[in-house]
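Everything below concerns the one structure shown next.
Computed from the coordinates by the stated procedures, all read-outs in this text should not be read as laboratory data. The shown structure was predicted, so the numbers you read here are calculated from the model rather than taken from an experiment. Don't worry about glycine lacking a Cβ; one is built from the backbone with ideal geometry, like all the others, and counts go over all protein chains shown.
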Amino acid sequence: MDSWLNMVLLCGLLLIASLQTTKAFRLRRSKSDTIQMLNTNIHNLQTHYNTKGQEWIGKSVFVSHLDQLNSKASCTCQALLLERMLKIYEDIFQDMLKKAEEKEIKANLIDVMTEVNKLKHKYSEEHKVWRELQDINSVKVRNGTIQRGALNDFLMVFNQAKTEKHHDKVQ
């Protein structure tokens, strides 16, 4: 009976070990294992794509945006959305003003636009963030130079993003 139980346990251990080597199933890694795995993978990719040479120093994709992130005052998603909505209202009312023929309607639109403009100025930080988001979104992801440069700043961005979300959980 003992040998039968030993055989079942051994088969179970072999099954777990074999599943660990496939992408189908992984036991959860510790944070330090994940970071080490990422460091190793990025190092291997940098070697493969030859991005460790002098010519790649300073060639990154998002480092300048990280600097901006650290210097900006806090901007919420809600404030960013409101800034964009105000901008759209401004564009809508501007177009309506161009099409308006009656003097009273034009005056009403001008008054409304003035108030939208006053309020919009309070969202200047959000507008800067919106511009930065547009810059980030315009990165040419299929460009080989960009891809190689991304290898150089990925770990900094990843660690910043991970730290940022960790702080959100703590608060």
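Annotations for the structure displayed:
- Local net charge near LEU109, Cβ-Cβ under 13 Å (Lys/Arg +1, Asp/Glu -1): -4
- Shape annotation for region 79-138: C-alpha extents along the principal axes are 43, 23, 12 Å, from largest to smallest.
- Both radii come from the Cα set of region 109-171: Rg as radius of gyration, Rh as Kirkwood radius; their ratio Rg/Rh reads 1.20.
- The phi torsions of region 121-133, fed into the Karplus equation with coefficients 6.51, -1.76 and 1.60 and a -60° offset, translate into couplings of 4, 6, 10, 5, 5, 5, 5, 5, 5, 4, 4, 5, 4 Hz, rounded to whole numbers, with Gly and Pro shown as x.
- Ordering of 145-155, 106-116 by burial proxy (mean other Cβ atoms within 10 Å per residue, highest first): 145-155, 106-116
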